1. Can you tell me how many residues in segment 32-48 are surrounded by 11 or more Cβ atoms within 10 Å (Cβ to Cβ) and either closer than 24 Å to Ala60 by Cβ or more than 22 Å from the chain's Cα centre (by Cα) (or both)?
2. So which residues in segment 1-17 are closer than 18 Å to Glu90 by Cβ and either exposed (fewer than 12 other Cβ atoms within 10 Å of the Cβ) or more than 22 Å from the chain's Cα centre (by Cα) (or both), if there are any at all?
3. Enumerate the pairs (first residue in segment 33-46 and over 17 Å from Ala15 (Cα atoms); second residue anywhere and among the aliphatic types (A, V, I, L, M)) with beta-carbon separation below 9 Å, excluding pairs fewer than 6 apart on the same chain, so at least 6 apart or on different chains.
4. Kindly check whether there is at least one residue in segment 24-31 that is small (Gly, Ala, Ser), surrounded by 12 or more Cβ atoms within 10 Å (Cβ to Cβ) and modelled with pLDDT of 95 or more.
5. With of a type in the set (Val, Ile, Thr) and either open to solvent by 100 Å² or more (accessible area, probe 1.4 Å) or in contact (Cβ under 8 Å) with a residue 40 or more places away in the chain (or both) as the only criterion, which of Ile20, Ile81, Ile62, Ile53 stands out?
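The values are calculated or read from the model by the stated rules, or taken from the named source; none is laboratory data. Since we're looking at a predicted model, the values are computed, not measured. Note: ideal-geometry Cβ built from the backbone for every residue, glycine included; neighbour counts use all protein chains shown. The protein model used for the area step is the full one, side chains on, heavy atoms only, and it has no ligands, DNA or RNA in it. Shrake-Rupley method; radii C 1.70, N 1.55, O 1.52, S 1.80 Å.
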Amino acid sequence: MQEFLSQDDAPDFYADSVRIGAGPYGFVLDLGIQGIADTPASEPPPVKRVVLIRMSPQHALILAKLLTKNVGIYQERVGKINLPDKMYGELGLDPE
């Protein structure tokens, strides 16, 4: 019989890096912590994996919609989250 953790016993993670993979049957979120560059000109530091999360395409779609909704609520309450245009370009995203 599988035991479930109570909310008090569940692991608590911080991540500032995410890689997303998709296949025909599911999505993978590889959450990690970005290392620190030795010098401004050095190569990007490695990312240490914190947790790997796997989910169905249906769950991934709902998660994307819920994140969009909650980020919108946050920005209404706190103010716009500003990101450099360069970041959008590097990620292949539209700023709006």
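1. Number satisfying all stated conditions: 5.
2. Result: Asp16, single match.
3. As it stands, the answer is Glu43/Ala37, since those pairs meet every condition given.
4. Scanning segment 24-31 turns up at least one residue that is small (Gly, Ala, Ser), surrounded by 12 or more Cβ atoms within 10 Å (Cβ to Cβ) and modelled with pLDDT of 95 or more.
5. Ile20
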